[in-house]
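Asks: Quick one: structure below, then a few questions.
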Amino acid sequence: MFQTLYSYFWWERLWLPANLTWADLEDRDGRVYAKASDLYITLPLAFLFLVVRHLFETYVATPLAGLLNVKEKVRLKATPNAVLEKFYAATSKHPKQADVEMLSKKSGCTVRQVERWFRRRRNQDRPSLLKKFREASWRFTFYLIAFIAGMAVIVDKPWFYDLREVWKGYPIQSMLPSQYWYYMIELSFYWSLLFSIASDVKRKDFKEQIIHHVATIILISFSWFANYIRAGTLIMALHDSSDYLLESAKMFNYAGWRNTCNNIFIVFAAVFIITRLVILPFWIMHCTVVYPLDLYPAFFGYYFFNFMMVVLQSLHIFWAYLIIRMAQKFITGKVVEDERSDREETDNSEEEEEAAKNGPLSNGHPVLNNNHRKTD
């Protein structure tokens, strides 16, 4: 049964145009072609990335945070309360009004004290500013290096200037060593992002991030199997062109460099919209949808690859909407915050006064508004 499934999965009509077989892509006469087995190395490399990331965040990002004066703000802690903690862990972190009144009776706290306890308890679970800075530093470093490396791989190639060259001679296109390493490193990095997503900072687009990582891994892997390497390198470099700008804006935001953050965000928004909403759909997707049909009839791989491109493009439109919302707030002079962020909640002055006098929840610290500004 396994052999039957294996045979169906690697059926040539799924992956290659008509009249071509895997035998046509066997190494010969000095030509080297992409092979599915090449991708096995990406899994151990992904775990190596996780190790390198840990070392980077510990020995580079953390000292850098100190140099940039990234400071943690004091958080008011919720006093231990078994009744409220049980409800928080087992039922809901956001109790309804009826639940609040019920918990007030069970715990012996006032309704306001219960509401305040849940606010503070939720704040305790939110990631620290240092954790956010370390993550942004790591991603900024990778995306910047990947973008520079990607441009070095493709800038001297004819298909960088003439997209019809992407399909010249396809699929009999020999793989270059630079393309091999570019693919292996990019795919390994996205595997590492998928492996660490549960422990990374969670934002409101958590589900979209998972879809993005999975779609990216599938696209990179499929483009390797089907020898769409020329198109794949163009797409990866295009995506890396704006990601490092966003991560650097986050870093400066966490460091409190508002003007620098604002200026980088403007550049990021412009680059993102131009690359993801203009160049990708009207140049790259036009190249992958229209030009191949001049050479061979459409086959399953052609439809599958372009379907996954549509999935990515849909996510880009979603994120562009959030970016435009932030840009509108920036232009109108309002406070700009990352629309994906789960903002920290604060207590009002009246509640703090009451807590200081009567409530069991006050811990003696002053109230600090820890809302993070600009791009989170």
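Asks: Residues being in a helix (DSSP H, G or I) and open to solvent by less than 20 Å² (accessible area, probe 1.4 Å): count how many of those fall in the range 165-191. Break it down stepwise before answering.
Replies: Of the residues in the range 165-191, the ones in a helix (DSSP H, G or I) are 165-167, 177-191.
With open to solvent by less than 20 Å² (accessible area, probe 1.4 Å) added as a condition, the list becomes 166-167, 179, 182-184, 186-190.
Number satisfying all stated conditions: 11.
Asks: Residue under question is residue 261, and the condition is that it be over 22 Å from residue 161 (Cβ atoms) and crowded, with 17+ Cβ neighbours inside 10 Å; does it hold?
Replies: Working: over 22 Å from residue 161 (Cβ atoms): yes; crowded, with 17+ Cβ neighbours inside 10 Å: yes.
The answer is yes for residue 261.
Asks: Which ranges mark the helices (runs of 4 or more DSSP H) fully within the range 63-127 that have 1 or more residues being in contact (Cβ under 8 Å) with a residue 40 or more places away in the chain? Please lay out each step first, then the result.
Replies: Values: elements: 82-90, 97-107, 111-125.
Here the list reads 111-125.
Asks: Restricting attention to the range 291-318, which residues are in a helix (DSSP H, G or I) and open to solvent by 30 Å² or more (accessible area, probe 1.4 Å)?
Replies: Of the range 291-318, the ones in a helix (DSSP H, G or I) are 291-294, 300-318.
Listed by number, the residues that qualify are 291, 293, 294, 300, 303, 304, 307, 310, 311, 314, 317, 318.
Asks: Something else about it: What single numbered condition from (1) outside any helix (DSSP H, G or I); (2) of a type in the set (Val, Ile, Thr); (3) open to solvent by 60 Å² or more (accessible area, probe 1.4 Å) fails to hold for residue 211?
Replies: (1)
Asks: Which residues, taken from the range 8-27, are open to solvent by 60 Å² or more (accessible area, probe 1.4 Å) and free of Cβ contacts under 8 Å to residues at least 12 places away in the same chain? Let's see the steps before the verdict.
Replies: Residues of the range 8-27 open to solvent by 60 Å² or more (accessible area, probe 1.4 Å): 8-9, 11, 13, 19, 22, 26-27.
Answer for the range 8-27, where residues must be open to solvent by 60 Å² or more (accessible area, probe 1.4 Å) and free of Cβ contacts under 8 Å to residues at least 12 places away in the same chain: 8, 9, 11, 19, 26, 27.
Asks: Take residue 158 and tell me if it is open to solvent by less than 10 Å² (accessible area, probe 1.4 Å), over 18 Å from the mean Cα position of the chain (by Cα) and either acidic (Asp, Glu) or on the phi < 0 side of the Ramachandran plot (or both).
Replies: Working: open to solvent by less than 10 Å² (accessible area, probe 1.4 Å): no; over 18 Å from the mean Cα position of the chain (by Cα): yes; either acidic (Asp, Glu) or on the phi < 0 side of the Ramachandran plot (or both): yes.
Spelling it out, it is not the case that residue 158 is open to solvent by less than 10 Å² (accessible area, probe 1.4 Å), over 18 Å from the mean Cα position of the chain (by Cα) and either acidic (Asp, Glu) or on the phi < 0 side of the Ramachandran plot (or both).
Asks: Being at pLDDT below 90 and polar (S, T, N, Q) is the filter here, so list the residues in the range 162-200 that pass it.
Replies: 173, 174, 199 - these are the residues of the range 162-200 that are at pLDDT below 90 and polar (S, T, N, Q).
Asks: Right, here's the next one. Yes or no: the range 129-145 includes at least one residue that is loosely packed, with under 15 Cβ neighbours inside 10 Å and among the hydroxyl-bearing types (Ser, Thr, Tyr).
Replies: Keep residues of the range 129-145 that are loosely packed, with under 15 Cβ neighbours inside 10 Å, which gives 145.
Narrowing further to those that are among the hydroxyl-bearing types (Ser, Thr, Tyr): none.
For the range 129-145, residues loosely packed, with under 15 Cβ neighbours inside 10 Å and among the hydroxyl-bearing types (Ser, Thr, Tyr): absent.
Asks: Of these, 279, 266, which one is surrounded by fewer than 21 Cβ atoms within 10 Å (Cβ to Cβ) and modelled with pLDDT of 90 or more?
Replies: On inspection, the qualifying residue turns out to be 279.
Asks: Follow-up. Among the residues of the range 233-251, is any in a helix (DSSP H, G or I), closer than 17 Å to residue 34 by Cα and open to solvent by less than 10 Å² (accessible area, probe 1.4 Å)?
Replies: yes
Asks: Let me ask you something else. Of (1) loosely packed, with under 15 Cβ neighbours inside 10 Å; (2) more than 21 Å from the chain's Cα centre (by Cα), residue 274 satisfies all except one. Which?
Replies: It fails just one condition, (2).
Asks: Can you pull out the residues in the range 83-118 that are within 20 Å of residue 202 (Cα to Cα) and crowded, with 17+ Cβ neighbours inside 10 Å?
Replies: Passing the criteria: 88, 118.
Asks: Within the range 199-208, is even one residue open to solvent by 20 Å² or more (accessible area, probe 1.4 Å), more than 14 Å from the chain's Cα centre (by Cα) and more than 21 Å from residue 315 (Cβ to Cβ)?
Replies: no
Asks: Next question, about the same structure. Among the numbered criteria (1) within 20 Å of residue 267 (Cα to Cα); (2) at pLDDT 85 or above; (3) out of contact with any Asp or Glu (no Cβ under 7 Å at 6 or more places or on another chain), which single criterion is violated by residue 314?
Replies: That leaves (1) as the condition not met.
Asks: Of the residues 123, 69, only one is of a type outside the set (A, V, I, L, M, F, W, C) and at positive phi; which? Step through it out loud before you land on a result.
Replies: On the way: 123 fails: at positive phi.
Among 123, 69, only 69 is of a type outside the set (A, V, I, L, M, F, W, C) and at positive phi.
Asks: Here is a list of conditions, (1) part of a loop (DSSP other than H, G, I, E, B); (2) at pLDDT 90 or above, and residue 286 meets all of them except one; can you say which number that is?
Replies: Here residue 286 clears every test but (1).
Asks: Would you mind stating whether residue 60 is among the β-branched types (Val, Ile, Thr), touching a residue at least 60 places away in the same chain (Cβ under 8 Å) and in the same structural domain as residue 173 (by the TED database)?
Replies: yes
The values are calculated or read from the model by the stated rules, or taken from the named source; none is laboratory data. Since the structure is predicted, the reported quantities are computational estimates derived from the model, not experimental observations. Ideal geometry is used to build each Cβ from the backbone, glycine not excepted, and the neighbour counts take in all protein chains shown. For the accessible areas, the whole protein counts, side chains as well, though only heavy atoms, and no ligand, DNA or RNA atoms are used. Shrake-Rupley method; radii C 1.70, N 1.55, O 1.52, S 1.80 Å.
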